[in-house]
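First comes the structure, then the notes that go with it.
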Amino acid sequence: MRYLSESEAEEARKFIREAALEAEKSTCRKSKRGVVIVKEGRIIGRGYNKVTIEGLCDPCIRRDILDHSRVELCSAVHAEQVAILDALNEGNNLKGSRMYHIRVKNKEIKTSGEPSCTVCSRIVLESGIKEFVLMQQKGFALYDSKEFNELSFNYFLK
């Protein structure tokens, strides 16, 4: 992992804002997340976490699970998955692209924690996406997709 600086950080800020617009569309009650996938400076995929079975969300059946585990209980399709499907449905090749991910709460962009969704990290890696960007306290953290996947598993092995 490395933190982006100067022009790369400016570019990340622009794409994180776009991901935040996606997050605002989220129908998930627990966590509003947004993603854009960028290749050669152009957004090729967009996504936000979408609920597929509304009845499971009132109240959220995962509201008391704070460690990102038990994702199988959730009916939402994660923002990462939606963005990958969006890109592929538009005929885009994901190989070599970069994914930007953000969390929004009460319309405010929030920093992300450590990589922790093993389901999404595996799909990101296998789709050919090269890099993953999270906004953290110290700045924009850039992860190689393989590293991102390994870190998501390590989150639960601590």
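Here are some notes:
Here's the yes/no breakdown for (1) modelled with pLDDT of 95 or more; (2) buried (at least 21 other Cβ atoms within 10 Å of the Cβ); (3) part of a loop (DSSP other than H, G, I, E, B):
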position	(1), (2), (3)
86	yes, no, no
96	yes, no, yes
102	yes, yes, no
112	no, no, yes
119	no, no, no
126	yes, no, no
134	yes, yes, no
147	yes, no, no
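- For the range 22-60, filtered to residues that are in a helix (DSSP H, G or I) and touching a strand residue (DSSP E or B) at 6+ places or on another chain (Cβ under 7 Å), the residue that is farthest from residue 72 (Cα to Cα) is 22.
- Search result, residues across the range 22-46 that are touching a residue at least 24 places away in the same chain (Cβ under 8 Å) and over 19 Å from residue 11 (Cα atoms): 24, 26, 27, 28, 29, 30, 31, 32, 33
- Pick from the range 45-54, criterion closer than 14 Å to residue 80 by Cβ and not basic (Lys, Arg), ranking: most open to solvent (accessible area, probe 1.4 Å): 48
- Of all residues in the range 149-158, those satisfying the criterion of being surrounded by fewer than 21 Cβ atoms within 10 Å (Cβ to Cβ) and either on the phi > 0 side of the Ramachandran plot or part of a helix (DSSP H, G or I) (or both) are 150, 151, 153, 154, 155, 156, 157.
The values are calculated or read from the model by the stated rules, or taken from the named source; none is laboratory data. Worth saying up front: this structure is predicted, and the values here are computed from it rather than measured. Note: ideal-geometry Cβ built from the backbone for every residue, glycine included; neighbour counts use all protein chains shown. Only protein heavy atoms, including side chains, enter the accessible area calculation; ligands, DNA and RNA are left aside. Shrake-Rupley method; radii C 1.70, N 1.55, O 1.52, S 1.80 Å.
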